[in-house]
Every structure is written in structure tokens, then in C-alpha cells.
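A short write-up of the structure that comes next.
The values are calculated or read from the model by the stated rules, or taken from the named source; none is laboratory data. Being a predicted model, the structure only gives us computed values, none of them experimental. We place every Cβ from the backbone using ideal geometry, glycine too, and count neighbours over all the protein chains shown.
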Amino acid sequence: MNEIKQLSWQGLWKNNPALVQLLGLCPLLAVTATITNGLGLGLATTLVLIGSNATVSIIRNVVPNEIRIPIFVMIIAAFVTVVQLLMNAYTFELYQALGIFIPLIVTNCAIIGRAEAYASKNPVGYAAFDGLMMGLGFTAVLVLLGAMRELLGYGTLFAGANLLLGDWASSLKITVFTTDSPFLLAILPPGAFLGMGLLIAVKNVLDKRFANMFAAKQEAKVVQRARVTAET
Amino acid sequence: MNYKLASSPHQHVKRNTGQVMRMVIYALIPGILLQTWFFGFGVLVQIVLAVITALITEASILELRKRDFERAIKDYSAILTAILLAISIPPFAPWWVVVIGTFFAIAMVKQLYGGLGFNVFNPAMAAYVMLLVSFPVQMTQWLPVQSLTMHQSSIVDAIYAVMTGFTADGFSLAQLQNTVDGHTMATPLDAIKTGLAQGLTYEEGLQSSIFDGSLGIGWSWVSMGYLAGGLYLIRARIINWHIPGGMLGAMVICAGVMFLVDGDRYASPLFHLFNGSLILGAFFIATDPVSASTTNRGRIIFGAAIGFWIYVIRTWGGYPDAIAFSVLIMNMAVPLIDYYTRPRTYGHQKDAKGERR
């Protein structure tokens, strides 16, 4: 149980693949112009992570150490192909919108990193759960960044959610404001870099706040000594 | 006796940052007045908007950073940034353009890097590039010179136009852009660039009604205004001659060589000097003490490289003018330039390999 809690904490916050490990930045920065794109790529990455982590964990005692990396890559590539074909079949428009970035999930360092660092050393259940949590952490950042950029750039939220979730989702679209001249910077790559930097900064500030809060609690128990020397 | 201890350099005129920035602002006044005369009161409206935004942004961010915002505002650097940005954008651009730009300049480019003295990039120019990339339509709506327009605009019209997009009489920006003879006019640099692309020669391009000789009507006067202010700054020793000298020199050399090679397809040095915002850029923008090079030799290289880039982008690039892009490119190179142009320390000599000890 403790391991599960630890894995969730690591994947979602403390060791978040996007905000802390800074892995998989290429798709992260490239496709997050809208929430839908971010969510789609995030879910695809999560599926691949769970699958590859579980498989790597199953075969971890059979694979010779010297050739483990090529084997991991082949496993990941297989799962990416599966996800790619699934998306091609069921969410065709999103598949077209994400384009090259679906096959490029293979090169996402977060996936091979988890396979190497965790899945190849731990039992199947934990490895799959680690994949799930890392994937969710990655997806959360993608969605957040997508929301920021979509809001600033187009003035909408959840535009085109029906591409991913089916026709009922077209009612999810929220138009915050309409403009004739979209804020192109937010939609273009510089906006992704600025937004990502802000997210990392916010996370660091929150971490510091929490650390200070805990530190303050502990300090309160320490008995203060009276200061006898003159203050200078 | 009251002995004053001071380290070198022993400058006798004691100026603090606020005084220096104020003098730069005063030096901008002739250019701003001429720009207002030729391009309408929109210029002043933009300046007011930008300064207000800059002050609010600077104060609130310094408050967030728990710094003394009163002192930082009294150094006038935010106001100078705001004015430089405001005079760079089209006078009748919508109000939110200058507000977003100034906020970006102060909050992102200056304060996120650590405030005055720590910004790697020139705030006004980084914001200008951001605006140009984000809002290409609004950022290129330059009006023709007032004497050529069909509708004269008063200060009330300017305020209405900036705030709502229409003047008090209901003319839209597109109508304001019309000249007396019913054409929509571009800026001098744009006109020549388009003309050359259409197969006209340089001389034929100059026949357009916005030119008087090779100088754009109005534009050259504005440049003269900034030139006067810039020369005053050099005289008052606020800036050194190295950066503007390097910039204008490189521009004259590049333009001169190409003009001599083929005078039909390349504009003359005079055209390049006084049209567009080269003079403003050379004396007021590239000389930003924080983001420019700090050694004398480095300053010449820095300025000359900016002049070179401006010529290259103006002539072969996609944009008609390129002060902002060139300054930003060379801002990135400043650490390298400074590293290789460190002056010899007094009493030390270069060794055989030319490396400094």
C-alpha cells in the first residue's frame, strides 16, 4: 500500500515527468495548442507507458542485460503502433491533428526512462501502476498547458473535444471571449516555452511554501533560549 | 575636513539612474514632437497608455517580489521602456496592443530576469517583436503622413481611434489610411520593398507621392528629430559614440557597396539612414546600457553587427524594417563579444599568444 502511495506521489507531483524530469518536452511543447490535443496525446502516452512498463516488468528476468535497451525500444514501438492504429480507427480527426507526434511517442524519454529506472527492477503490478501515475502526471501538465494556451490564443476551452470524446462532447466547448485577432504568440511555440516556464516556476513556489509550512510546524516545538548578549 | 572616498572611475558629474533615464527621455522629446506633427496625436495617446501600464506593472511586480517599488519607479527606466515601445508601434494601433506589449516588456522581459540591470534582452524591442509576431495586422497599420491624408485627425479623434478603432466622426482605420488621391499608402521602406519585388527599379519606386527625393516625407524629419536628441546625449556623455557610430557606419558601408554594385535594385545609403527607425534605434535603443556590450571595442562590434543585420533583413528578409530583430540577435551575442574584447588591465601585458592574463 505504501508503495502505491509513494508511486502516485512521485508520478503526479514530486517527480512529475514534465515538470521535474523535463522529459518528453518535444511533444509537450509542440501539440499543446489546445486542451483536446494535449489530452489526446497525454492519454496515448499513458496507454503506451502502462503497456510498456508492464511488458518490460514481465520479461525483466529473461532479457540479457547487454541488449535490454533495444528490446525496451522495440516493446515501446509495438505499443505506440497499437495506439496509433487505434487512434487512426476511432479518433481519426485527432489522429490527423496530432500528426507525426503520435509515432514520435516512441522517442519520448519519459517512457524509456521509466522502463529502465523502474519497470525493469520491479514486479508487474507496481510497474503498471507506475506507468499509470507517470502518464497521468504527464497528461495533467499537457492539459494545463493546453488550457493556458487555448484560453490566451483562441479565447476558448475544450474546443474540438468531440474529436476525442465523441459527439456529446461538442457541448463542452466554453467560449470565454471572442476576438478577430488571436494572440498568436500563445499558439506559436514561444507561447509553449513561456507557459511551461511559468508552470515550473509555480510548482517550485508551491513546493517552497509547503516546505516552509512543515518547517514552521517543526520549529515551533524547539525551545527558544533567552539571548543574553547585547544585540548589535 | 570631509574627505570623500570613491573608487575609480572618478566621474565628476554625479548622476543616478533616474537622472540618466530622465535625460534620455528629454532627448526623445524633439523626435516625439515631430512624430506627433507628422503622424497625428495617436503617438501621444500611445505614450500615455504605455507609461500608465508600465508603472502599474512595475509597481505590482516589485510588490510581489517584496522589493521597494517606490525607488524602482523613481529610476524612470520603466517609463523609458514604455515610451520607446510606444513610439515604435503604429500611432493608431488599438489600445490593447500597447498595453499587452508594455506588460510583456516589464513583467516578462525585465522583471522575470531579475529587474533592472539583469535583463538579457532589450525590453522594448523584445516586446515589439512579440507584438509583431502576435498581431501582424495591427502592427503594420502605419498611417500616411498627415499632410497626405484625406481625413485630418484631432486629438479627440486619436483617442477615439485608439480606444474603439473609429474616430469621433466614425472613420475607420482603413479610411484613415487613404491618401488624398485615394491610395492606401505604405511606409517608405515598405513602398520600396514592394516596388522592387514588382520589378520596378529603385528610382521608379521613389516616384511615389510619399517620397521627396529619396527621403520619405515626414519620416526623414522624425529621424532628424531623434538624431538631434541622440547627438545631445553623446555631448552630455550619457551614451558613447561607439554603438551609434558602429551601427550607422556599418549601414552606410553595406548600403553604399550594394548601391554602387547595382543602383537599380539596391537603395542608396541616404535612403537607408533616414527612412525607417534606424536613427532612433542607433541612438536610443541599441545603447541600452544593460543589454548592450560594455567594452568600447565591443560596443563598436555590437553596433556594427546590428547595422549589418538591419541591412540584410531590410534588403533580403521578409520584414521592411529590422531594428528589433537585429538588436535582439546581438543581445544574445553580447556575453561572447564582452568576453573577447576585455580591455588590457593597466600594468599587464599580452603574452605571446595574445591571451590576457
Original post:
In the range B:87-96, how many residues are crowded, with 21+ Cβ neighbours inside 10 Å, part of a helix (DSSP H, G or I) and within 13 Å of chain A (Cβ to nearest Cβ)?
Top reply: 0
Subject >> Residue satisfying all of: in the range B:223-277; within 21 Å of B:TYR128 (Cβ to Cβ) and touching an Asp or Glu at 6+ places or on another chain (Cβ under 8 Å); modelled with the lowest pLDDT among these >> reply: B:GLY276
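Only one of A:ALA78, A:ALA89, A:ALA159, A:ALA169 is under 28 Å from A:LEU194 (Cα atoms) and of a type in the set (Gly, Ala, Ser); which? Spell out how you get there, then give the answer.
Values: A:ALA78 fails: under 28 Å from A:LEU194 (Cα atoms); A:ALA89 fails: under 28 Å from A:LEU194 (Cα atoms); A:ALA169 fails: under 28 Å from A:LEU194 (Cα atoms).
Only one candidate qualifies: A:ALA159.
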**OP:** State all residues of the range B:237-269 that are in a loop (DSSP other than H, G, I, E, B) and at negative phi; if no residue qualifies, say none.
**Re:** B:ILE238, B:ILE239, B:ASN240, B:TRP241, B:ASP262, B:GLY263, B:ASP264, B:ARG265, B:TYR266, B:ALA267, B:SER268
Original post:
Is there a residue in the range B:98-114 that is within 11 Å of chain A (Cβ to nearest Cβ), surrounded by fewer than 24 Cβ atoms within 10 Å (Cβ to Cβ) and closer than 28 Å to B:SER154 by Cα?
Top reply: yes
Original post:
Just to be sure, is B:TYR319 of a type in the set (Ser, Thr, Tyr) and buried (at least 22 other Cβ atoms within 10 Å of the Cβ)?
Top reply: no
**OP:** Hey, could you check the range B:115-135 for residues that are more than 11 Å from chain A (Cβ to nearest Cβ) and among the polar types (S, T, N, Q) and say which is surrounded by the fewest Cβ atoms within 10 Å (Cβ to Cβ)?
**Re:** B:ASN119
**OP:** Would you mind telling me which numbered condition in (1) surrounded by 15 or more Cβ atoms within 10 Å (Cβ to Cβ); (2) among the aliphatic types (A, V, I, L, M); (3) modelled with pLDDT under 90; (4) under 29 Å from B:PRO335 (Cα atoms) B:LEU173 fails?
**Re:** (4)
**OP:** Filter the range B:259-300 for residues that are among the charged types (D, E, K, R) and surrounded by fewer than 20 Cβ atoms within 10 Å (Cβ to Cβ) and give the result.
**Re:** B:ASP262, B:ASP264, B:ARG265, B:ARG297
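Residues are listed down the side, and each one gets a yes or a no for (1) surrounded by fewer than 16 Cβ atoms within 10 Å (Cβ to Cβ); (2) at pLDDT 90 or above; (3) over 30 Å from A:LEU188 (Cα atoms); (4) in contact with a strand residue (DSSP E or B) (Cβ under 7 Å, 6 or more places away or on another chain):
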position: A:PRO27; (1), (2), (3), (4): no, no, no, no
position: A:LEU43; (1), (2), (3), (4): no, yes, no, no
position: A:ASN53; (1), (2), (3), (4): no, yes, yes, no
position: A:VAL56; (1), (2), (3), (4): no, yes, yes, no
position: A:ILE67; (1), (2), (3), (4): yes, yes, yes, no
position: A:PHE72; (1), (2), (3), (4): no, yes, yes, no
position: A:ILE76; (1), (2), (3), (4): no, yes, no, no
position: A:THR81; (1), (2), (3), (4): yes, yes, no, no
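The rows are residues; the columns are (1) at pLDDT below 90; (2) closer than 30 Å to A:PHE79 by Cβ; (3) buried (at least 19 other Cβ atoms within 10 Å of the Cβ).
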| residue | (1), (2), (3) |
| --- | --- |
| A:ASP130 | no, yes, yes |
| A:LEU157 | yes, no, no |
| A:THR178 | yes, no, no |
| A:PRO190 | yes, no, no |
| A:ILE200 | no, yes, no |
| A:ALA211 | yes, no, no |
| A:VAL223 | yes, no, no |
Original post:
Which of the residues spanning the range A:186-196 are within 17 Å of B:ALA126 (Cα to Cα) and either within 11 Å of another protein chain (Cβ to nearest Cβ) or touching a His at 6+ places or on another chain (Cβ under 6 Å) (or both)?
Top reply: A:ALA186, A:LEU188, A:PRO189, A:PRO190, A:GLY191, A:LEU194
Original post:
Of the residues that sit in the range A:169-185 and are under 25 Å from the mean Cα position of the chain (by Cα) and more than 8 Å from every other protein chain (Cβ to nearest Cβ), which one is nearest to B:GLY165 (Cα to Cα)?
Top reply: A:ILE174
Original post:
Looking at this structure, is B:ALA93 closer than 21 Å to B:PRO289 by Cβ, of a type in the set (A, V, I, L, M) and under 18 Å from the mean Cα position of the chain (by Cα)?
Top reply: no
**OP:** Can you work out which of the residues in the range A:14-46 that are of a type in the set (A, V, I, L, M, F, W, C) and in contact with a Lys or Arg (Cβ under 8 Å, 6 or more places away or on another chain) is nearest to A:PHE138 (Cα to Cα)?
**Re:** A:LEU19
